[in-house]
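Here's the structure, in C-alpha cells; my notes come after.
Read-outs throughout are calculated quantities, based only on the coordinates presented, and are distinct from any laboratory measurement. Predicted, not measured: the structure shown is a model, and the values here were computed from it. Positions of Cβ are generated from backbone atoms using ideal geometry, with glycine treated the same way; all protein chains shown enter the neighbour counts.
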2 protein chains.
Amino acid sequence: MPRSPDTASSKAGPVTLAMVARRAGVSPQTVSNALNSPGLLRPETLERVRRTIDEMGYRPHRAAQTLRTRSSKLIGYGIRPTPPGTLAPVMDRFLHALSQTADEAGYRILLFASPPGTTGLEGYEELIDLHSVDGFVLSGTDRGDQRQAWLAKRGVPFVGFGRMWSSRQIGDWADVDGASGTDAAVEHLVGLGHRKIAFLGWPRGSGVGDDRAEGWQRAMRRHGLPVRGRHARSVDDIEAARAAVEPLLDAGATAVVAASDTLALGCYRALRERQAVPGRDVAVVGFDDSPTAALLSPGLSTVAQPLEAVGRECVRLLLARMAAPDAPPERVLLEPSLVVRDSTPALAG
Amino acid sequence: MPRSPDTASSKAGPVTLAMVARRAGVSPQTVSNALNSPGLLRPETLERVRRTIDEMGYRPHRAAQTLRTRSSKLIGYGIRPTPPGTLAPVMDRFLHALSQTADEAGYRILLFASPPGTTGLEGYEELIDLHSVDGFVLSGTDRGDQRQAWLAKRGVPFVGFGRMWSSRQIGDWADVDGASGTDAAVEHLVGLGHRKIAFLGWPRGSGVGDDRAEGWQRAMRRHGLPVRGRHARSVDDIEAARAAVEPLLDAGATAVVAASDTLALGCYRALRERQAVPGRDVAVVGFDDSPTAALLSPGLSTVAQPLEAVGRECVRLLLARMAAPDAPPERVLLEPSLVVRDSTPALAG
DNA sequence: TAGGGTTCTTGGAACGCTCCAATGCCTGAG
DNA sequence: CTCAGGCATTGGAGCGTTCCAAGAACCCTA
C-alpha cells in the first residue's frame with residue numbers, strides 16, 4: 001500500500017489533526033474525540049482513526065491545546081537559592097518525585113527562580129499573568145509566608161510542602177510530622193536504656209523547629225523523664241551548635257536528639273573536643289538524613305523525611321484542588337522514619 | 001477620568017491584545033508591534049499604546065504566542081533520580097543558576113523525569129513531539145551517552161553540561177576543567193612542602209575520572225615527582241575508598257588528592273583507623289565541595305566546581321545555538337577553584 | 001411508513017497572537 | 001502639481017486545537 005504524501009515519514013512539517021482527519025476520512029472533530037472522548041466513537045471508527053494516528057505518528061500540539069482549553073498542564077515551582085552553609089536541603093529528591101508524579105498525570109513542572117532582591121511574589125504573578133501554569137507547588141513555607149494568602153485571593157490553585165504555622169490555615173498542604181520523628185528518636189533511645197536524653201533545637205519561633213522540639217518533649221513526658229535543663233537552642237550552624245550543646249553534656253546527658261543533621265554534627269564536634277566519642281560515649285540522633293549522615297564516622301542515626309511521598313502527595317492534592325476549586329481543604333501529615341546507624345548503639349552496662 | 005468597562009480591574013476575564021488595541025484606537029497589529037518591534041512605531045503612538053497596556057494590565061498569552069511563533073520559550077531538563085549513596089550531586093545549585101539565567105532571557109526550565117525502566121530518550125522524544133520545548137540542557141553526560149547524537153539527528157538544539165568523552169564530538173557543551181582542579185591541588189600541596197602526593201581516583205574508563213587523574217599526573221611530572229605506586233582506584237564508595245587508599249598510605253604518601261569528596265572521606269576513615277589524624281598526619285584534598293566538606297573535622301580542602309557559571313554558560317550556548325543552528329559548535333571549559341580548609345595545613349618541619 | 005429518540009459525526013467558530021502583504025500618509029524631487 | 005519612495009499603520013489570514021450546536025444515520029416503536 002503506497003503511503004500518501006502526508007505520512008509521518010514525509011518531510012513536510014509536523015502532522016496535524018486535520019491531516020489525520022483527511023487521511024482517515026473523518027472530520028477533524030472526530031479525530032479529536034478519538035483522543036479525548038473515545039467513548040463517543042463507534043468502535044470501528046475509533047479503531048480506524050487510532051490506526052491512522054499511529055501510522056502518521058500524530059501528536060497534538062500542546063500550545064494549541066493550551067490556547068483552546070485554557071489549561072497549560074504545567075505546574076509552577078519556584079526554586080530558591082540554596083542558602084550556603086545549610087546542609088543540602090535534599091530538595092532534588094523532592095523535585096524528582098514531584099516531576100515524576102506530575103508526568104504520570106500528564107503534567108510537567110515549570111521551574112522559575114525569584115530574581116534576587118524581590119519579595120518573591122513577582123515570579124508567581126508573572127506566570128499567572130502569562131497563563132503559563134495551572135497551579136503551584138510551594139516549598140520552604142514558613143511563618144509569615146505571604147504566598148498562600150496571595151494565591152488564594154487570586155483563586156490560583158496551589159499546594160504547600162509544609163503546613164502553615166500561623167493559626168489561619170489557607171489551602172492544602174502536605175507535610176512531615178516532625179514531632180513524630182523526634183518522638184520516635186526518644187523511643188529508640190529509651191529502648192536502648194537512655195534516660196538523660198537532651199534536645200538541641202533551633203531558636204524558638206520557627207514552626208518546623210518548635211514542632212520537632214515538641215515531639216521530644218511529649219515523649220520524655222510520656223516516659224516520666226525530666227526535660228528541664230535538657231533543652232538547648234542554636235542556629236543551624238555547626239560551630240554555634242557545638243557551643244550550645246556544651247551545657248547539655250555538662251549536665252550529664254547520655255543522648256542528644258538534634259533538630260537537624262547540622263546540629264548533630266555540632267554535637268560530634270563538641271564530643272570530640274572533650275575527647276569523647278560520639279555513639280560510644282554519648283548517643284546522637286540527627287534530623288533529615290542528609291547525604292552526609294551516612295558518611296560520617298560513626299554513621300549518624302537520623303530521622304528521614306519521606307520526600308518522595310511528599311512529592312506525590314503534593315501533586316495529588318494540587319490536581320484534586322484544580323478539579324474541585326471549592327472542595328474543603330485537605331491536609332496530609334506524613335510519618336518520617338528513623339534511620340538507625342552507629343551513633344546510637346545500646347548503652348554499655 | 002472614568003474607566004471603561006474593559007479595564008484591568010474589571011472582572012470580565014483576561015485582557016487581550018484586541019481589547020488594548022480598541023481602547024488605544026489602533027489596530028491589534030500595532031499593539032503587537034509596540035511590544036515586539038517598538039522601533040516601528042512613531043514615538044507618540046508607542047507612548048500612547050504603552051500607557052494603555054499598563055493601564056489595562058495587559059500581558060500577552062504565552063500559549064497564543066507559542067502557537068503562532070512556534071517557539072515555546074521553554075528549555076527541557078530531564079532530572080535523573082539521585083543515585084543513593086552518592087554524595088549530593090549539588091545539582092540544585094546548578095538548576096537554580098540555570099533557571100535564573102533562563103528567566104533573564106525570557107526562557108523557563110521545564111522539568112521532566114525519565115520514567116523508570118526506560119532508556120531515557122522517551123522523555124525527550126515526547127517533549128519534542130508535543131512541541132513543548134525549544135531545546136534541552138543535558139546533564140550527567142557520560143561515555144556512550146546516546147542523547148547528543150539522537151538530538152542532533154533530529155535537529156533539536158541542546159547543550160551538555162559535561163563534554164563528550166568519545167572522540168566524536170557532537171554539539172555544544174560547557175564543562176569544568178577537572179584536570180586543572182587536581183593540578184591546582186598538587187600545586188597547593190607542593191607549595192606546602194609535600195612531595196609524596198598520591199592520587200585516589202575512580203576506575204579507569206570514566207571520562208570525568210580520567211580527566212582528574214590526568215591533572216594530578218601532569219602536575220607531578222612538572223615538578224619531577226614520581227607517580228608510580230602513588231595512584232590507586234576505587235568506586236565512589238566510602239568503604240571501598242578506605243580499603244583502596246591503604247597501599248598509598250603504606251607507601252608513605254604525605255598527601256592524597258581524591259577524585260571526589262566521597263573518596264576523600266574514605267581517606268579520613270583509613271587514617272583514623274591507623275590512629276592518624278587527617279590534615280595533621282596526612283593532607284587530603286577532595287573534589288566537588290559538597291556540603292559535607294565544610295562540615296567535617298577537619299574541614300576538607302576540596303576543588304569546587306563553578307556550578308553557577310556552568311549554568312549560565314549552558315543557557316548562553318543554548319540560546320546561541322537556537323539563534324544560529326548552523327554555527328560551528330562552541331565549547332567552554334571553566335576553571336574550578338580550590339577551597340582550602342584544615343585538611344591541608346603546612347607540613348610541620 | 002412515519003415518527004421520535006439515540007448514537008455518531010460534522011461544520012463553523014473561536015482561543016489570542018503574529019505573519020504577510022497591502023494600504024494610507026507624508027516628504028521631497030522632478 | 002505629480003509622482004516616486006520611505007515610513008507608519010492596518011486587514012486578513014492562519015497557527016492547531018476544542019467547543020458548540022446542528023446534522024446525519026441509526027434503531028426501535030406506533
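Under 5 Å between amide hydrogens, which residues at least 5 positions from A:Lys73 or on another chain qualify, with H placed 1.01 Å from N in the peptide plane?
So A:Lys73 has HN proximity to A:Asp134.
Starting from the eigenvalues of the Cα gyration tensor, five times each then square-rooted, give me the equivalent ellipsoid semi-axes of chain B, largest first, whole Å.
Values: eigenvalues 566, 90, 63 Å².
Values for chain B, descending: 53, 21, 18 Å.
Which value in nm describes the separation of the simple spin-label points at B:Ser167 and B:Glu308, placed 7 Å from the Cα toward the beta carbon?
4.1 nm
Dividing the convex hull volume of the alpha carbon atoms of the protein assembly as shown by its residue count, what do you get in Å³ per residue? Could the numbers behind the result be given before it?
Numbers: hull volume 150.6 nm³, N = 698.
Once divided by residue count, the hull of the protein assembly as shown is 216 Å³.
Find every distance from the label point of A:Glu214 to the corresponding label point in the other copies (7 Å from Cα along Cα→Cβ) and write them in nm, one decimal, shortest first.
A:Glu214 label point versus its equivalents elsewhere: 5.7 nm.
Could you give the semi-axes, largest first, of the ellipsoid that matches the range A:178-305, computed as the square roots of 5 times the alpha carbon gyration tensor eigenvalues and rounded to whole Å?
Three semi-axes, in Å: 18, 16, 15.
At 222 nm, what helix-only mean residue ellipticity would chain B give, in deg cm²/dmol to the nearest 500, using -39500 (n - 2.57) for each DSSP H run of four or more? Please list the in-between numbers first.
Values: 13 runs with 148 residues, N = 349.
Using -39500 (n - 2.57) per qualifying helix, the result is -13000 deg cm²/dmol.
For a quick protection proxy, order the peptides A:217-227, B:199-209 by their average other-Cβ count within 10 Å, most packed first. Show your work: numbers first, answer last.
Details: A:217-227: 15.3, B:199-209: 18.7.
The peptides rank, most packed first, as B:199-209, A:217-227.
The range A:17-60: D in µm²/s via Stokes-Einstein (Kirkwood Rh, Cα pairs, 20 °C, 1.002 mPa s)? Don't jump to the answer; show the numbers that get you there.
On the way: Rh = 9.8 Å.
Approximately 218 µm²/s, per Stokes-Einstein.
Projected area of the range A:130-228, taken from the Cα convex hull and averaged over every viewing direction, in nm²? Don't skip to the end; give the middle numbers.
Working: hull surface 31.2 nm².
For the range A:130-228, the mean projected area of the Cα convex hull comes to 7.8 nm².
Setting aside same-chain residues fewer than 8 positions from B:Lys73, which aspartates and glutamates have a Cα under 15 Å from its Cα?
In chain and number order, the partners are A:Glu126, B:Asp103, B:Glu104, B:Asp134.
Please determine, in degrees from 0 to 90 and to the nearest 10, the orientation of helix B:307-323 with respect to the longest principal axis defined by the Cα atoms of chain B, where the helix direction is its Cα long axis.
50 degrees
Run the numbers for B:Val339 and B:Arg42: contour at 0.36 nm per residue of separation, minus the present Cα-Cα distance, in nm.
On the way: separation 297, 0.36 × 297 = 106.92 nm, distance 5.57 nm.
So the chain would gain 101.4 nm between B:Val339 and B:Arg42.
How many Cβ atoms of partner chains, on average, are near each residue of A:187-200 if near means within 10 Å of its Cβ?
0
Determine which aspartates and glutamates satisfy two conditions relative to A:Lys196: a Cα distance under 12 Å, and not lying fewer than 8 residues away in the same chain.
By straight Cα distance, A:Lys196 reaches A:Asp250.
Could you work out the local net charge near B:Glu313, counting Lys and Arg as +1, Asp and Glu as -1, over the other residues with Cβ closer than 13 Å to its Cβ?
-1
Between copies, how far does the label point of B:Val235 sit from its twins, in nm, shortest first, when each point is 7 Å from Cα along Cα→Cβ?
Those separations, rounded to one decimal, come out as 4.2 nm.
Out of all DSSP beta bridges with both ends in the protein assembly as shown, state the antiparallel percent to the nearest 5. Mind showing how you got there, number by number?
Values: 9 of 75 bridges.
Counting DSSP beta bridges with both partners in the protein assembly as shown, the antiparallel share is about 10 percent.
Taking only Cα atoms, what is the 0 to 90° angle, nearest 10, from helix B:207-222's long axis to the longest principal axis of chain B?
So the helix axis and the longest Cα principal axis differ by about 50 degrees.
Measure nothing fancy, just the Cα-based angle from helix B:261-273's long axis to the longest principal axis of chain B, in degrees from 0 to 90, nearest 10.
The helix B:261-273 is inclined about 30 degrees to chain B.
What percent antiparallel are the DSSP beta bridges of chain A, to the nearest 5?
Values: 3 of 36 bridges.
Bridges in chain A that DSSP calls antiparallel: roughly 10 percent.
Using a cut-off of 10 Å between beta-carbons, work out the net charge of the residues near A:Ala259 (Lys and Arg +1, Asp and Glu -1, A:Ala259 not included). Each step should come with its number before you reach the end.
Values: positive: A:Arg212, A:Arg233; negative: A:Asp210, A:Asp211, A:Asp236, A:Asp261, A:Asp288.
Cβ neighbours under 10 Å give a net charge of -3.
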